[in-house]
Amino acid sequence: MIPTIRRSAWLMGLPFLLFLLSPSVLAHGVDANTKHFLLANQGVAIGPFLYIGAKHMVTGYDHLLFLLGVIFFLFRTRDVLLYVSLFTLGHSVTLLFGVLSNVTVNPFLIDAIIGLSVVYKGFDNLGGFRRLFGFQPNTKLAVMVFGLFHGFGLATKLQDFSLPQEGLWKNLLAFNVGVEIGQFVALLFILIALDFWRRHRSFYAFSTATNTLLMTGGLILFGYQLTGYLINV
């Protein structure tokens with residue numbers, strides 16, 4: 001029985017490791033087709049911006065890893081909705097504010113902070129704050145605050161292309177709605193996988209290993225983005 005559980009956990013973790021180590025995952029920015037569209041677009045394009053927003057979230061490994069950590073130990077639907085809503089509020093505010101107000105931040109630094117948000121959530125899930133520091137941060141506030149950073153991360157992707165002012169707010173709203181659609185779809189699959197895994201004893205047996213792996217992934221992302229910043233300063 002134990003070898004079977006270990007093999008299952010390894011098979012679950014292997015795609016995660018391959019995903020993190022993939023060069024395409026570590027690349028900052030958007031794919032070539034999206035880049036071409038954003039550079040060429042001159043007006044309101046609700047449909048394309050919806051699609052780009054959804055695509056960016058579905059392929060947004062850093063956002064999804066953070067959300068995985070957030071919902072990992074949430075078993076009630078209302079708790080999942082509450083925490084995801086706080087995250088959504090945070091990243092929506094800074095996405096819209098950052099682009100419309102032209103508030104710029106270094107993309108490598110903001111993505112490094114997003115990597116640290118993944119580390120934070122894995123550490124929090126392991127009970128690290130209580131064990132090492134004797135206190136527990138406000139988890140709801142932390143999710144919303146990190147959501148603000150994630151929103152600036154989304155904003156930097158669009159600010160790279162100096163989008164025209166004509167219809168900008170409409171395109172931004174469409175992009176943000178697309179992000180929420182992509183987030184919903186991704187979360188649906190994550191929740192289905194978690195629900196299936198929670199029915200087996202291996203969920204608790206390997207919860208520590210999984211969140212340690214989550215922290216490792218966040219540290220890899222942090223180190224990669226920090227290196228990018230140091231190279232490009």
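Please name all residue pairs, on different chains or six or more residues apart, with Cβ atoms under 9 Å, provided the first residue is in the range 110-123 and is closer than 14 Å to Leu213 by Cα and free of Cβ contacts under 8 Å to residues at least 60 places away in the same chain and the second residue is surrounded by fewer than 23 Cβ atoms within 10 Å (Cβ to Cβ) and of a type in the set (D, E, K, R).
No pair meets every condition.
Anything in the range 216-230 that is of a type outside the set (Val, Ile, Thr) and either within 19 Å of His150 (Cα to Cα) or crowded, with 16+ Cβ neighbours inside 10 Å (or both)? List them, or say none.
Gly217, Gly218, Leu219, Leu221, Phe222, Gly223, Tyr224, Gln225, Leu226, Gly228, Tyr229, listed by residue number.
Do you know which residues across the range 161-185 are outside any loop (DSSP other than H, G, I, E, B) and over 30 Å from Thr212 (Cα atoms)?
Passing the criteria: Leu168, Trp169, Lys170, Asn171, Leu172, Leu173, Ala174, Phe175, Asn176, Val177, Gly178.
What is the number of the single condition among (1) touching a helix residue (DSSP H, G or I) at 6+ places or on another chain (Cβ under 7 Å); (2) at pLDDT below 95 that Glu166 does not meet?
Failing condition for Glu166: (1).
Take the range 192-215 and flag every residue that is buried (at least 16 other Cβ atoms within 10 Å of the Cβ) and either among the β-branched types (Val, Ile, Thr) or within 19 Å of the chain's Cα centre (by Cα) (or both).
Within the range 192-215, Leu194, Thr210, Asn211, Leu213, Leu214, Met215 meet the criteria.
Can you tell me which of Ala54, Ala112 is surrounded by 19 or more Cβ atoms within 10 Å (Cβ to Cβ) and modelled with pLDDT of 95 or more?
Just one listed residue meets the conditions, Ala112.
Which residues, taken from the range 122-160, are within 30 Å of Phe37 (Cβ to Cβ), open to solvent by 60 Å² or more (accessible area, probe 1.4 Å) and in a helix (DSSP H, G or I)?
Scanning the range 122-160 gives Leu148, Phe149.
Among the residues in the range 102-116, are any hydroxyl-bearing (Ser, Thr, Tyr) and in contact with an Asp or Glu (Cβ under 9 Å, 6 or more places away or on another chain)?
No, every residue in the range 102-116 fails to be hydroxyl-bearing (Ser, Thr, Tyr) and in contact with an Asp or Glu (Cβ under 9 Å, 6 or more places away or on another chain).
Consider Asn171 against the criteria (1) of a type outside the set (A, V, I, L, M, F, W, C); (2) more than 20 Å from Thr34 (Cα to Cα); (3) crowded, with 20+ Cβ neighbours inside 10 Å: it satisfies all of them except one. Which criterion is unmet?
Just one mismatch for Asn171, condition (2).
Within the range 150-159, is even one residue touching a residue at least 40 places away in the same chain (Cβ under 8 Å), under 30 Å from Gly43 (Cα atoms) and among the polar types (S, T, N, Q)?
Yes - at least one qualifying residue is present in the range 150-159.
Since Leu89 meets every condition but one in (1) open to solvent by less than 70 Å² (accessible area, probe 1.4 Å); (2) more than 12 Å from Leu154 (Cα to Cα), which condition does it not meet?
(1)
Please verify whether Val70 is out of contact with any helix residue (DSSP H, G or I) (no Cβ under 6 Å at 6 or more places or on another chain) and part of a helix (DSSP H, G or I), treating the condition exactly as stated.
No; evaluated as a whole, the condition is false for this residue.
The values are calculated or read from the model by the stated rules, or taken from the named source; none is laboratory data. Everything numeric in this text was worked out from a predicted model, so none of it was measured. Glycine gets a Cβ as well: all are built from the backbone with ideal geometry, and neighbour counts include every protein chain shown. Just so you know, the surface numbers come from the protein's heavy atoms only, side chains and all, with ligands and any DNA or RNA stripped out. Shrake-Rupley method; radii C 1.70, N 1.55, O 1.52, S 1.80 Å.
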